[in-house]
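In what follows, a single structure is set out as structure tokens and then discussed.
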Amino acid sequence: MTVLEGTAVRLRPLRPAEYPTVMAWYQDPEAVAPHDRYLVDTLEGLARAVESAEGDPGSVAPRFAIERRTDGTLVGLLGYYRAHPVLEYLDLWYLIGDRTARGQGLGREAVERLVDHLFRTTSVERIGAAIDAQNEASCRLVDRLGFRLEGTLRSALFHHGRWHDVRVYGVTRPEWDGRAPRA
Ligand SMILES: CC(C)(COP(=O)(O)OP(=O)(O)OC[C@H]1O[C@@H](n2cnc3c(N)ncnc32)[C@H](O)[C@@H]1OP(=O)(O)O)[C@@H](O)C(=O)NCCC(=O)NCCS
């Protein structure tokens with residue numbers, strides 16, 4: 001069982017008792033992580049997806065729960081998946097499902113811990129994120145962590161009744177290792 005400790009967040013496995021909270025987040029129309037809608041419709045489906053994720057590099061099931069350290073509350077989820085059938089990078093996704101916990105730096109710290117962990121424990125040279133171009137908070141999050149904007153996929157995501165452009169961000173291992181420590 002992998003647990004990653006940050007200053008304000010702890011990343012740990014999701015617990016079955018938390019599945020109903022996760023399903024409620026997935027059904028929140030404001031949650032814009034694109035994979036939520038493709039994952040599951042039922043608690044049983046969520047349980048199966050979470051439990052089989054470890055052996056499935058392409059799984060978009062949550063791989064870590066984001067817990068706020070001050071009170072142990074579950075505030076969000078993190079996932080990563082092999083995003084291409086041939087190319088060998090990983091893409092991340094993240095959700096601060098508890099709206100009251102957004103905008104406090106928890107998302108950024110959680111993603112930073114996860115990127116550290118993935119570069120330490122896998123051989124990938126690039127980690128990416130595909131983000132709705134209108135999702136300002138998410139774009140800022142990865143930008144501030146040192147990801148580079150590599151391009152834009154036009155009309156690649158159907159969401160809220162229309163097609164959205166998707167920005168492709170990425171960071172390479174040498175870039176991550178050479179980052180200046182953040183103030
Ligand atoms: C995107 C999300 C994960 C960001 O997590 P968070 O903990 O709220 O964000 P942080 O507090 O770490 O802030 C990250 C950056 O976004 C900015 N930000 C936060 N909320 C914002 C908002 N509503 N509008 C614009 N910028 C915002 C912060 O100011 C910060 O930028 P800065 O460092 O330049 O100040 C979270 O808002 C969320 O889960 N949203 C819904 C799901 C989603 O969009 N997932 C990502 C899909 S790719």
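Every number here is computed from the coordinates shown, using simple stated rules; none is lab data. Every value quoted in this text rests on a predicted model; they were computed, and no experiment measured them. All Cβ positions, glycine included, derive from the backbone under ideal geometry; neighbour counts span all protein chains shown.
Observations
- With K and R counted +1 and D and E -1, the other residues having a Cβ less than 11 Å from that of A65 yield a net charge of +3.
- For the chain, the gyration tensor built on C-alpha atoms gives a rounded shape. Its axis ratio a/c (a ≥ b ≥ c) stays under 1.5.
- Note on the chain: helix-only mean residue ellipticity at 222 nm, from DSSP H runs of 4+ residues weighted -39500 (n - 2.57) and normalised by residue number, equals -8000 deg cm²/dmol.
- Highest mobility in the GNM of the chain, judged by mean-square fluctuation with C-alpha springs under 10 Å and restricted to R82, R154, R167, is found for R154.
- Prolate/oblate/rounded label for the stretch 69-158 (Cα gyration tensor, a/c 1.5): oblate
- The ranking of M23, M1 from fewest to most other beta carbons within 10 Å of each one's beta carbon is M1, M23.
- Each peptide among 106-118, 42-54 gets the average number of other Cβ atoms lying within 10 Å of its residues, and from highest to lowest they stand as 106-118, 42-54.
- Distance between modelled label sites at E51 and D98, nm, 7 Å Cα→Cβ extension: 2.7
- Euclidean distance of C-alpha centroids, the stretch 1-76 and the stretch 127-156, integer Å: 21
- Karplus-derived 3J(HN,Hα) values for the stretch 168-179, using 6.51 cos²θ - 1.76 cosθ + 1.60 with θ = phi - 60°, are 9, 10, x, 9, 9, 4, x, 5, 5, 5, x, 5 Hz; glycine and proline are entered as x.
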